Amino acid sequence: MAEDSLDALAQEVAELIINAKKLVVFTGAGISTESGIPDFRSPGGIWSRFDPDDFTYQKFVSDPESRRKQWRMLGEGHLTTLAEPNLAHYAVAELDEMGRLDCVITQNIDHLHQKAGVPAGKVFELHGNMQQAVCLGCGQLYPFEQIKLRLDKGEEIPDCEACHGMLKPNAVLFGEQLPYDVLTEASNRSSGCDLFIVIGSTLVVYPAAYMPIYAVQAGARLVIVNLSSTPMDREADVLINAKAGETMTRIVERVRGMVK
Ligand code: APR
């Protein structure tokens, strides 16, 4: 995207943020690619290397081979604990520091919004996270770092040390219910905001992709920052097909200049 058009669009979004009463930021895997975490549907993304049909809850609990594959995919270094926030995460966290952010609704399981400084109570993780694994037998919780050590030592299907039950990462698998309280609160926040900014998502996975629809139906302005097209592009008041890090940095620089 040309510099001057990115600057002009960043200015437009900054003015929307300054005039907003309730800003909700909605993120997908595209906000984390600049942290080294592959997204799912870009060329070379995760679903070009793993088959999404293997990553269902039903297969995880019924097929040891699927469990081995899922732990391998989820245990891949940067996908879980080694990644660091990037400029886009820090820009969103700065909006919170300025008192301009109602909340972040994320589809990501990488915990990078919290690592960048957004208070945990303001981050709604629709697809869970990788901070813990839970035993489906006795409910024992394990920090993911502990599980990762076992995976790195070659254990392919870690089980519960207490009861040898089946361990499952806290990430929501396909076919698994999203955490009800998180989904309810995220839906309410989306319907209650007046500015909704999407960063790095194809908006093709439901119910997460209902969030921008609830916002627009409630009369909120919609901004989309995404490298590729989405089904909501026509509803966007501002559409920026550029990289999240650069774009969000320019937007927050302008907001900062306006609040002084
Ligand atoms: N800046 C801006 N946009 C980017 C960047 C970047 N640096 N990198 C990638 N993108 C865009 C891609 O063009 C793509 O449109 O981010 C989007 C990522 O889309 P997906 O890979 O589909 O990720 P997401 O929308 O989060 O997927 C939703 O699908 O597989 C499930 O549970 C998984 O939470 C995930 C859900």
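For the stretch 213-228, give me each residue that is touching a helix residue (DSSP H, G or I) at 6+ places or on another chain (Cβ under 7 Å) and either crowded, with 16+ Cβ neighbours inside 10 Å or over 23 Å from LEU183 (Cβ atoms) (or both). Full working, then the answer.
Within the stretch 213-228, the first condition is being touching a helix residue (DSSP H, G or I) at 6+ places or on another chain (Cβ under 7 Å), and the residues that meet it are 214-216, 218, 221-227.
Those that are touching a helix residue (DSSP H, G or I) at 6+ places or on another chain (Cβ under 7 Å) and either crowded, with 16+ Cβ neighbours inside 10 Å or over 23 Å from LEU183 (Cβ atoms) (or both): TYR214, ALA215, VAL216, ARG221, LEU222, VAL223, ILE224, VAL225, ASN226, LEU227.
Output the number of residues of the stretch 32-48 satisfying the condition of being more than 7 Å from the ligand (Cβ to nearest atom), within 15 Å of ALA244 (Cβ to Cβ) and of a type outside the set (S, T, N, Q).
3
Only residues in the stretch 83-107 that are open to solvent by 40 Å² or more (accessible area, probe 1.4 Å) count as the first member; pair them with residues that are more than 12 Å from the ligand (Cβ to nearest atom) and not in a helix (DSSP H, G or I), Cβ under 6 angstrom, at least 6 apart or cross-chain, and list the lot.
ARG100/LEU23
Would a scan of the stretch 178-185 turn up a residue that is aromatic (Phe, Trp, Tyr), more than 16 Å from the ligand (Cβ to nearest atom), touching a residue at least 60 places away in the same chain (Cβ under 8 Å) and not in a loop (DSSP other than H, G, I, E, B)? Spell out the reasoning first.
So the first thing to find is which residues in the stretch 178-185 are aromatic (Phe, Trp, Tyr), and the list is 180.
Okay, now just the ones that are also more than 16 Å from the ligand (Cβ to nearest atom), so 180.
With the extra rule that they be touching a residue at least 60 places away in the same chain (Cβ under 8 Å), the set shrinks to none.
The answer is no, given that none of the residues of the stretch 178-185 is aromatic (Phe, Trp, Tyr), more than 16 Å from the ligand (Cβ to nearest atom), touching a residue at least 60 places away in the same chain (Cβ under 8 Å) and not in a loop (DSSP other than H, G, I, E, B).
Would you call HIS127 under 24 Å from LEU23 (Cβ atoms), within 16 Å of the ligand (Cβ to nearest atom) and open to solvent by 40 Å² or more (accessible area, probe 1.4 Å)?
Values: under 24 Å from LEU23 (Cβ atoms): yes; within 16 Å of the ligand (Cβ to nearest atom): yes; open to solvent by 40 Å² or more (accessible area, probe 1.4 Å): no.
So HIS127 does not fit the description; no.
How many residues are among the aliphatic types (A, V, I, L, M), within 23 Å of the chain's Cα centre (by Cα) and open to solvent by 30 Å² or more (accessible area, probe 1.4 Å) when one looks only at the stretch 135-152?
First pass over the stretch 135-152, keeping only residues among the aliphatic types (A, V, I, L, M): 136, 141, 147, 149, 151.
Cutting the leftovers down to within 23 Å of the chain's Cα centre (by Cα) gives us 141, 147.
Still in the running and open to solvent by 30 Å² or more (accessible area, probe 1.4 Å): 141.
So the answer is 1.
Mind listing whichever residues of the stretch 177-207 are buried (at least 16 other Cβ atoms within 10 Å of the Cβ) and either within 18 Å of LEU239 (Cα to Cα) or in contact with a Ser or Thr (Cβ under 8 Å, 6 or more places away or on another chain) (or both)?
ASP194, LEU195, PHE196, ILE197, VAL198, ILE199, GLY200, SER201, THR202, LEU203
Of all residues being open to solvent by 30 Å² or more (accessible area, probe 1.4 Å) and closer than 22 Å to PRO169 by Cβ in the stretch 110-124, which is farthest from the ligand (Cβ to nearest atom)? Just the residue, please. Write out each step before concluding.
Kept after step one, since they are open to solvent by 30 Å² or more (accessible area, probe 1.4 Å), are these residues of the stretch 110-124: 111, 114-115, 117, 119-122.
Of the ones still in play, those that are also closer than 22 Å to PRO169 by Cβ are 111, 114-115, 120.
Numbers: HIS111: 14, GLN114: 17, LYS115: 17, ALA120: 19 Å.
The selected residue is ALA120.
What are the pairs, 6+ residues apart or on separate chains, where a residue within the stretch 124-148 that is of a type in the set (Val, Ile, Thr) has its Cβ under 8 Å from a residue that is away from the ligand (no atom under 16 Å from the Cβ) and assigned to a loop (DSSP other than H, G, I, E, B)?
As it stands, the answer is VAL134/GLN140; ILE147/PRO158, since those pairs meet every condition given.
Within the set of pairs 6 or more residues apart or between chains, which connect a residue that is farther than 19 Å from TYR214 by Cα and outside any loop (DSSP other than H, G, I, E, B) inside the stretch 224-241 to a residue that is hydrophobic (A, V, I, L, M, F, W, C) and near the ligand (Cβ under 8 Å from one of its atoms) with Cβ atoms less than 6 Å apart?
ILE240/VAL225
Looking at GLU235, is it more than 9 Å from the ligand (Cβ to nearest atom), more than 16 Å from ARG100 (Cβ to Cβ) and over 17 Å from the mean Cα position of the chain (by Cα)? Don't jump to the end; show me each part of the working.
Values: more than 9 Å from the ligand (Cβ to nearest atom): yes; more than 16 Å from ARG100 (Cβ to Cβ): yes; over 17 Å from the mean Cα position of the chain (by Cα): yes.
Here the answer is yes, as GLU235 does meet what is asked.
Kindly indicate whether ALA209 is among the small types (Gly, Ala, Ser) and within 11 Å of the ligand (Cβ to nearest atom).
On the way: among the small types (Gly, Ala, Ser): yes; within 11 Å of the ligand (Cβ to nearest atom): yes.
So ALA209 fits the description; yes.
Residue by residue through the stretch 113-125, note down the ones that are more than 19 Å from SER201 (Cα to Cα) and not in a helix (DSSP H, G or I).
GLY117, VAL118, PRO119
The values are calculated or read from the model by the stated rules, or taken from the named source; none is laboratory data. Quantities reported herein were computed from a predicted structural model and do not represent experimental measurements. Using ideal geometry, Cβ is built from the backbone for each residue, glycine included, and neighbour counts are taken over all protein chains shown. Note: areas computed on protein heavy atoms with side chains; ligands, DNA, RNA excluded. Shrake-Rupley method; radii C 1.70, N 1.55, O 1.52, S 1.80 Å.
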